[in-house]
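Worksheet: the structure to be examined is printed underneath.
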């Protein structure tokens, strides 16, 4: 038996297929989830079981369903691959006890993953994933066969209810009436028949790319980053489009592109959509962002009288803040390209995000680049960067000691505040900031910075010297 420890990150368990991610380990993990549900006195309302378009996703889902049935629980299988936010929506809509979703999100094609969402529909909190890890380790130690049960033939199609809800949250008619021309990239993943269908059914003039399943994702990781979507960017520039919309493999992350090479990053999209919600809908209240997310969002929040709540990296922290006071929540997001809004699921949703961006462009009646430029002039104009530095395992303690004990100055600016919410973040006297955070999955330290364009290179060079990677 493979005794390799199984750990849960911010979005569940991920491993390379046929190495750590095996049918045997899947049976163990799902059995641990089932035992946890039974012990908590839940499990009587069924568990959603679904998958993305990766290798063997449907087979893993059937295996999970049989393990749940073997524990006396009711598996609720989808009839096809499903976006992560749709799985979350179905948990809430049905009052289910949770969802088991086989997805490795934007990881390279050789990876598979298992994400468990509890009855809230949001990401599993740390106390739950820690409890699951303990159960998994005990099941591995015992090595006993995992009981399997029979599963019903019936499966359900989750598209209709979710699309209806998105139609209530997004003004699709405004997008249609505006006549904006949209290029959609489903990235061989789960957003096909959702993102493209919502726009097509509303009568919007769109062109769709990569709207069929491909476990290899066209030869790139299924991440909507410029370096991984060359065909999409070429088509966007060669066609007469106003906007390009792209989601990742499981449709929880997003990217929005404009022609002529001027495209906002995820930080900027979050700020833009906050401004749109406050301006067009009059929404006020709480805006939640992770500690690594741009303070451009803070400036826009201040403009509209909204309160900023800063949380650790990981969407589960945003979800927890959203659940505390859903009526006060406006928007929550992170620099890695995930967000949700008031009245929606406590999970990041790339379909919602891209459509909300299209609504904004339609309502404002001007190009995306112009909207962004004006908002920066009204608030702040900053540059945000993230640089990854690999290190040897024996270097970790020295790096940890160095970042945890900041100097009085950084890049010739006084450090006014040292935030240790998640990693080490230094707020500098000129309003710029830098942050150091260790990856939870690989020997990499991430260096974040935000400043004016004139000082961005200076801060990056200072960060390299400070860490010893100059």
On a C-alpha basis, how far is the centre of the stretch 186-247 from the centre of the stretch 60-78 in Å? Whole number, if you could? 32
Report, in whole Å, the centroid distance computed from the Cα atoms of the stretch 289-347 and the stretch 106-121. 22
Per-residue ellipticity at 222 nm for the chain, helices alone: DSSP H runs ≥ 4 residues times -39500 (n - 2.57), over residue total, nearest 500 deg cm²/dmol? -11500 deg cm²/dmol
Find the Rg to Rh ratio for the stretch 178-378, where Rh is the Kirkwood radius over alpha-carbon pairs and Rg uses the same atoms. 0.95
Fewest to most Cβ atoms within 10 Å: 448, 228 sort as 228, 448
Round to the nearest 0.05 the FRET efficiency obtained for residue 150 and residue 281 when R0 = 60 Å and r is the Cβ-Cβ distance. 0.80
May I ask you to order 26-36, 345-355, 317-327, 410-420 by the average number of other C-beta atoms within 10 Å around their residues, highest value first? 345-355, 26-36, 317-327, 410-420
Residue separation times 0.36 nm, minus the C-alpha to C-alpha distance between residue 164 and residue 262: what's the value? 32.0 nm
What nm distance separates the two modelled labels at residue 240 and residue 197, each placed 7 Å from Cα along Cα→Cβ? 3.0
Take the alpha-carbon centre of the stretch 372-431, take the same for the stretch 5-26, and report the distance between them in whole Å. 32
Express as a percent, rounded to the nearest 5, the fraction of DSSP beta bridges in the chain (both residues included) that run antiparallel. 60
Of 115, 377, how do they rank once you tally other Cβ atoms within 10 Å and put the fewest first? 377, 115
Restricting to the stretch 13-157, what percent of DSSP beta bridges are antiparallel, rounded to 5? 45
Solution diffusion estimate, µm²/s, Stokes-Einstein, the chain, Kirkwood Rh from C-alpha pairs, 20 °C, viscosity 1.002 mPa s: 93
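Taken together, the values in this text are just the output of simple stated rules run on the coordinates, not laboratory data. Keep in mind it's a predicted model, so treat the numbers as computed, not measured. Glycine also receives a Cβ, built like all others from the backbone with ideal geometry; neighbour counts cover every protein chain displayed.
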